[in-house]
Every structure is written in structure tokens, then in C-alpha cells.
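Comments concern the structure below.
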Amino acid sequence: MLALQFLRDGRGQTVTIMVGVAVGVAVVVFVSALIQGLQSNIVQRTLGTQAHIRVLPPDEVNRRQAVAEGALQLVREDKRAQRRRSINNWQQVVATLDTLPSVRAVSPVIAGPAFAGRGAALESVALTGIDLRRYQQIIPLPDYVIDGSARLEPGEAMIGSELATTLGLRVGDKLRLDTGRDNPAVVNVVAVFELGVRELDARNVYLGLKQAQALLGLPGGVTQLDLVVDDIFAANTIARRIARLTGLEAESWMEKNAQLMNALSAQSLSTNMIIVFVSLSVAFGIASVLSVSVVQRTREIGILRAMGAGRQQVLHVFLIQGALYGLVGALVGIAGAYVLVWVFNTFGPGLFFIPVAHTLVVFALVLATVVGVLAAAVPSRRAAMLDPVVAIRYV
Amino acid sequence: MSEAQEAVLRLVGLRKSYNVGLPNETEVLHGLDLVIERDDFAALIGPSGSGKSTLLNLIGLLDQPSAGELYLLGQPTSTMDDAGRTRLRGESIGFVFQFHHLVQAFGALDNVLMPLMLRHGRPSVAAIDRARGLLAAMGLEKYAQTRPNQLSGGQQQRVAIARALVTQPSLLLADEPTGNLDTRTAADVFELLRRFGREVGCAVLLVTHDPRLSAACDRTIDLVDGRIVSDTRVPIGPSVSG
């Protein structure tokens with residue numbers, strides 16, 4: 001009440017510092033939203049073409065004969081070549097993973113190398129056998145199809161746009177696939193897709209599960225299980241749990257994209273630095289305005305004390321002022337940030353969309369208010385400790 | 001002992017020194033003994049530097065004596081902490097300063113209500129009525145929402161008096177209340193102090209340089225060099241407006 005009146009009285013100062021706070025908060029909110037938008041965009045793009053977790057059979061290792069007690073054994077070991085093998089009992093593993101609450105979808109996949117040929121042209125490709133119905137929950141292939149329709153009956157294949165260009169293929173054309181097992185197959189191209197990643201568009205050939213199993217010589221087998229989870233940043237934890245649960249190897253997208261994760265955390269760090277330094281400068285701004293205000297109001301503080309105001313009350317008046325500077329400044333700043341975000345989304349480069357999270361808004365409000373109170377602490381204490389005798393005589 | 005309980009204020013051997021412990025330590029008040037009764041209307045006079053303001057600060061519990069005891073409404077105050085003195089001050093003492101010392105951010109009515117708001121928060125309807133009544137009695141009912149800097153000096157001082165009286169204090173301390181007013185306005189303000197001192201039933205202690213004002217008081221306490229040199233009572237004060 002008293003604090004409000006003081007704010008209204010010192011209107012010029014109040015407006016100045018609130019603009020300062022507002023600018024600071026707007027920067028914090030906008031930059032945070034920008035980085036959040038950018039990061040979720042990058043992550044989405046990365047995960048748009050890969051599974052969150054990939055479950056693989058464990059590597060084969062040489063078994064050694066147990067050594068007799070006291071005997072010394074000299075070992076020279078050649079690592080075993082990892083032949084393509086199926087995940088044992090994969091149907092049951094899929095059924096188990098399907099029941100995990102944190103896993104959104106599981107898709108069995110068989111993958112292996114092959115040559116794709118048309119006429120004299122030959123390209124090496126990554127053959128991927130999938131159950132399309134399950135697999136499109138991992139990667140929404142139909143969304144990426146630019147020609148033809150997404151389906152995988154026996155004798156049909158979906159190929160990437162780069163490969164289609166190289167081999168001069170169009171929907172309806174025939175493609176020869178050879179896995180080096182003397183069982184080449186000729187399949188119809190039913191769809192051309194474009195994932196937006198050159199490497200994948202040049203090498204991925206999708207077949208039905210059964211046909212791929214036959215081509216790769218693993219009838220009934222799958223070489224990997226692709227998973228998507230609800231919380232992408234919990235992928236590591238979930239992968240470790242799956243590994244313990246199934247005895248298989250589970251690799252999360254975070255491990256596969258360690259570089260990306262590094263970049264993301266470096267970005268987050270710089271955002272946090274911006275927040276810290278903006279908060280600091282806002283805090284100093286509020287503190288200096290309040291220090292001046294305390295000096296200006298020395299006599300009034302003296303009168304209030306003479307009229308029965310306790311030290312606590314004087315303290316509160318200035319703490320509340322600090323909090324209000326922070327809170328109201330933050331409200332204005334958040335409004336400003338919304339305008340900035342809107343401008344960016346509407347007129348910006350259009351590379352990605354920036355959402356403003358509610359948690360970010362609440363965070364900014366709380367942060368600014370707390371900073372306001374902390375900044376007010378020193379001047380408020382000085383006001384509270386003023387000797388009323390001196391304060392009243394102060395001119 | 002009954003006199004001590006009756007008295008609004010009782011000073012016993014009150015001393016005040018500044019710069020205690022330093023080479024330039026000076027004692028300003030040299031052991032004062034004084035009793036102010038409930039119906040006193042007293043003037044505290046004395047030359048500059050005699051310690052009037054120091055004494056007023058001590059009595060107003062704004063400052064603490066170096067030695068001696070100050071009983072306010074029979075309560076010893078030297079052992080009280082700051083919060084206790086603040087409470088006692090708010091409850092039983094009203095201040096009127098030479099420069100009105102109104103809070104510029106508030107209108108006249110809110111200034112009058114200030115002491116109540118400081119203690120109870122939002123003022124009650126009864127409190128607002130009392131404050132309005134006081135303003136009306138000061139002839140200021142029209143200016144309830146006016147900011148102090150838009151009032152004349154005399155009006156400001158009257159707001160200050162209303163503010164000092166709104167808590168119905170037992171003791172009203174006035175430090176040169178008419179010091180920067182012209183003679184006529186000064187006489188008005190003096191009369192108001194006198195009238196309300198009687199009506200509210202509080203003792204008034206008035207610091208003044210103006211011999212005409214002190215002559216109009218019931219009692220004159222003369223302070224010279226930190227000692228009370230005379231303390232005279234006049235049965236009925238003559239009017240000052242003559």
C-alpha cells in the first residue's frame with residue numbers, strides 16, 4: 001500500500017527501471033524460447049529419420065576354455081567377425097517391450113547390404129525389411145513419399161529419391177536386388193521417398209519383412225528392433241533398462257548423436273549464461289534505483305518511524321517495491337517477448353517455429369520477482385537501520 | 001508513587017552524551033528531572049544549543065539517554081528494545097514538527113490516517129471518520145484528497161496536527177510548530193493545539209523560540225546548557241492573539 005504510493009510518487013524512476021527490467025526479461029524469454037525452439041527443431045529433424053532406441057543382438061565373442069587352477073595361459077585372440085544374426089526369440093521381446101509404459105512403439109527390422117541394379121548401373125544400398133504398419137510409428141514414411149504410395153506387398157520396394165535419380169527409376173519401374181547369395185530378386189518400385197538426408201535417400205531401400213528375410217538369408221529373423229519413446233531425453237535411461245531386461249544391446253539416439261548432444265548442451269549453457277548476466281544487470285539496476293529512492297525518502301522514513309512504523313515495516317516497504325519492480329517489469333517484458341516471438345514466427349526466416357512454454361513464462365516471473373527482492377535487500381536494510389533522529393533532520 | 005503513575009512523563013536524572021568514548025565526548029543534558037502531568041500545556045524554551053531538540057528526541061523515544069530513566073505512562077523505557085519503543089511511541093506520542101513533514105505521496109486524509117495504517121493496516125470506517133472529523137475541525141474538510149505540496153504552510157501544519165492527534169496520544173510533542181509560519185497563522189495553529197490538547201485530553205509539550213507563545217502556555221520550562229533553570233506555572237494563560 002505504502003510501497004505502491006511510493007512507486008506512484010516516483011513515477012519517472014519507476015517507469016525507467018521497469019522498462020529496464022522489461023527489456024531484460026524480454027531478452028531472457030525471447031532468447032530462451034528461440035533456443036528451445038531451435039533445439040526442439042534440430043532434435044525433431046534428427047529423430048524424424050531415426051529410431052529413439054535401437055535394440056541389437058549382443059556381439060559374438062570367443063569362448064575360452066577355463067584355465068586350470070595355478071596354470072598360466074597365454075592367449076592370442078582374433079576377434080570374431082560379426083555375422084548377421086537374428087535376435088533370438090524376437091517375437092517375445094517385441095511383446096515384452098510393447099508392455100513397457102515408456103515405450104510408444106516397437107518395430108522389428110531386418111537390415112543388410114545389397115546391390116541395386118538397373119541395366120548396367122549398380123549401386124550399393126542398405127536393404128531394410130520392415131513391417132510398414134509398425135514401422136511408420138517409428139518413422140512416418142508415408143509423410144516422406146513424394147511419388148507413388150506407401151505400401152509393401154511382396155515384390156514391392158520403396159526407394160529414396162537420390163537412388164531413383166541415379167538409377168533413373170520411377171514408380172512402376174523394376175529394380176534388381178542382389179545380396180551376393182545367388183538369390184537375386186526383381187521388385188517393383190511402388191514409392192519414392194525423400195527423408196531430407198542425402199545419405200539415407202541414396203541408400204535406403206525398404207522391402208517387406210518376409211522378402212528381406214529371404215534375400216538376406218535369415219528366414220523368420222530380424223536383426224534389430226527400432227523403438228520410439230514418449231520422453232526423448234529419457235532415452236538413455238530407458239535403453240539401459242531394456243538392455244538389463246532383455247540381455248540385448250540397446251543404443252539410444254543420444255549415444256548415437258553424441259556430437260549433437262554436446263552442441264545442444266553448449267547452447268543451453270550459453271542461454272543460461274545470458275539469463276544469469278541479464279538477471280545480474282537487472283538486479284544492479286533495481287538496487288541502484290532503490291538506493292537513490294532510500295536517500296530521497298530519508299526524511300519521510302524518519303517521519304514514518306516517528307509515527308510508529310517499525311524497522312520491519314520500513315524494510316518491507318522497500319522489499320515490496322523491489323518485488324513490484326521485478327514482477328511488473330517481467331509482465332511487460334513477457335508481453336514484449338510474445339511480440340518478438342510473433343514477429344519472428346510471422347516475418348522471420350521461417351526455418352522453424354518458436355513456441356513459448358508456459359513454464360518459461362512462470363519461470364521468468366518468479367525469477368524477476370526474486371531478483372527484485374534480493375536486489376532490494378541492501379537498500380531496504382539501509383532504510384530500516386536509519387536513525388529516526390538523523391532521518392527527520394535530513395534535508 | 002501514585003504521582004508517578006498519574007504522570008504522563010517522568011524524567012529521573014536523565015543524561016545524554018554524544019560521541020561517547022571519543023576524545024570529543026560532550027554531555028548535552030546534565031541529569032534532568034521533570035514531570036509532565038496529564039493536563040499540562042507546557043512550553044520548553046531556551047537558547048539555541050541548550051539541548052531542547054535532544055531532550056525532545058529522548059522524550060519522543062527517538063533516541064536513547066546515556067543515563068537516567070524516562071518513564072512514559074509509568075513504564076520505564078531504558079530497557080525496552082527498538083520494537084517496544086516503536087510500539088509505545090506509536091501508541092502514546094504524537095509529533096508535530098517545525099517543517100510539517102507530511103508524506104508527499106499521499107493526500108491530506110491519508111496522511112492523517114498514516115499512523116493508524118502503520119499499526120493496523122487498512123484503516124477502519126471508524127478511523128476514517130475520526131480522521132475526517134479532525135480535518136473538518138481544522139477547517140480542511142475540502143482538502144481531504146489534496147497533496148501536501150498544494151496546501152499552504154498553515155494548512156500543512158494543521159494536517160500535521162490532525163495526524164498527531166488521530167491516535168489519541170497521551171503526549172503531544174511539538175517542535176517549533178509555528179516556526180516557519182506568519183504571525184497570524186502561527187496564532188491559529190497555536191490555538192488549535194491548545195484546544196485539541198484539552199479536548200483529546202493529552203499533555204502538550206511545545207518547543208518554541210517565540211516568547212509570545214511560551215507566555216501563552218500554562219507552564220514554561222527553561223532549559224539552558226542542558227539544565228532546567230526555571231519551571232514556572234501560570235494558572236490561566238492569556239490569549240496570544242492580542
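The values are calculated or read from the model by the stated rules, or taken from the named source; none is laboratory data. Predicted model only: the values in this text are computed from it and were never measured. Note: ideal-geometry Cβ built from the backbone for every residue, glycine included; neighbour counts use all protein chains shown.
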Every listed condition ((1) more than 13 Å from chain A (Cβ to nearest Cβ); (2) assigned to a helix (DSSP H, G or I)) holds for B:GLY139 save (2)
Note on A:VAL93: of the conditions (1) in a loop (DSSP other than H, G, I, E, B); (2) under 30 Å from the mean Cα position of the chain (by Cα), unmet is (1)
Tell me yes or no: at least one residue of the range A:205-226 is within 10 Å of A:HIS52 (Cβ to Cβ) and within 28 Å of the chain's Cα centre (by Cα). yes
For the range B:133-161 the number of residues that are within 25 Å of B:ASP40 (Cβ to Cβ), surrounded by 22 or more Cβ atoms within 10 Å (Cβ to Cβ) and over 12 Å from the mean Cα position of the chain (by Cα) is 5
For the range A:225-245, the count of residues that are of a type in the set (Val, Ile, Thr) and surrounded by fewer than 20 Cβ atoms within 10 Å (Cβ to Cβ) equals 2
Within the range B:79-119, the residues that are facing another protein chain (nearest Cβ under 8 Å) and polar (S, T, N, Q) are B:THR86, B:GLN104
Across the range B:15-31, the tally of residues that are modelled with pLDDT of 85 or more and of a type in the set (A, V, I, L, M, F, W, C) stands at 2
For the range A:124-149, the count of residues that are under 29 Å from the mean Cα position of the chain (by Cα), surrounded by 14 or more Cβ atoms within 10 Å (Cβ to Cβ) and either of a type in the set (A, V, I, L, M, F, W, C) or within 19 Å of A:VAL229 (Cα to Cα) (or both) equals 12
When every residue in the range A:267-311 that is more than 30 Å from B:LEU171 (Cβ to Cβ) and within 14 Å of chain B (Cβ to nearest Cβ) is compared, the one nearest to the chain's Cα centre (by Cα) is A:SER293
